[in-house]
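**Student:** Let me begin by handing over the structure; questions about it come next.
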Amino acid sequence: MRSYTYFLLIFFAYGVFCVTCSPFPTNEVRAITSFKEAIYEDPNLVLSNWNAVDTDPCGWTGITCNKERQHVIKINISDSSLKGFLAPEIGQIIYLQELTLRKNNLIGTIPKEFGM
Ligand SMILES: *[C@@H]1O[C@H](CO)[C@@H](O)[C@H](O)[C@H]1NC(C)=O
């Protein structure tokens, strides 16, 4: 009987805990991480909290999620003096509505995946 009570406690604790743990699509996290990896200079450390270990990117600098916190809908890293390439993986963030990259030094062509 006692172990049954423990089982119920653990079960409910897990249930309550997991209301807040919405699984964020890993491909979006991976795409943002690829974007960061293609940047070789970040003098203002704007991307310093873009940490792949943290699977919820909604709090990362310049990232806006939808209100259910399930998808990245905006990336705004304007005026950050970033230097690097534009990673085509950004095209995999299919819910992305706005990508603001003003006043950075990103080189290369605009990857065709951006149009998807
Ligand atoms: C992007 O962020 C900058 C700096 O925080 C802000 O001034 C600008 O209005 C933002 N642009 C958009 C399109 O959200």
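The values are calculated or read from the model by the stated rules, or taken from the named source; none is laboratory data. Keep in mind that what you see is a predicted model, and the values were worked out from it rather than measured. Neighbour counts run over all protein chains shown; Cβ positions are idealised from the backbone, glycine included.
**Student:** Of the residues in segment 50-71, how many are out of contact with any Cys (no Cβ under 6 Å at 6 or more places or on another chain) and within 16 Å of the ligand (Cβ to nearest atom)?
**Tutor:** Residues meeting the conditions: 8.
**Student:** Here is a follow-up. Could we say that LEU47 is within 16 Å of the ligand (Cβ to nearest atom), surrounded by 14 or more Cβ atoms within 10 Å (Cβ to Cβ), in a loop (DSSP other than H, G, I, E, B) and not β-branched (Val, Ile, Thr) here?
**Tutor:** The answer is yes for LEU47.
**Student:** Of all residues in segment 76-112, which are more than 17 Å from THR26 (Cβ to Cβ) and aliphatic (A, V, I, L, M)?
**Tutor:** Within segment 76-112, ILE77, LEU82, LEU86, LEU99, LEU101, LEU106, ILE107, ILE110 meet the criteria.
**Student:** Here's something else I'd like to know. Can you work out which of the residues in segment 91-116 that are of a type in the set (A, V, I, L, M) and within 19 Å of SER48 (Cβ to Cβ) is farthest from the chain's Cα centre (by Cα)?
**Tutor:** Taking the candidates together, the pick is LEU106.
**Student:** Could you please tell me which pairs satisfy a Cβ distance under 6 Å, a separation of 6+ or placement on different chains, a first residue in segment 69-81 that is over 15 Å from GLY59 (Cβ atoms) and surrounded by 15 or more Cβ atoms within 10 Å (Cβ to Cβ), and a second residue that is modelled with pLDDT of 95 or more and aliphatic (A, V, I, L, M)?
**Tutor:** What qualifies is SER80/VAL46.
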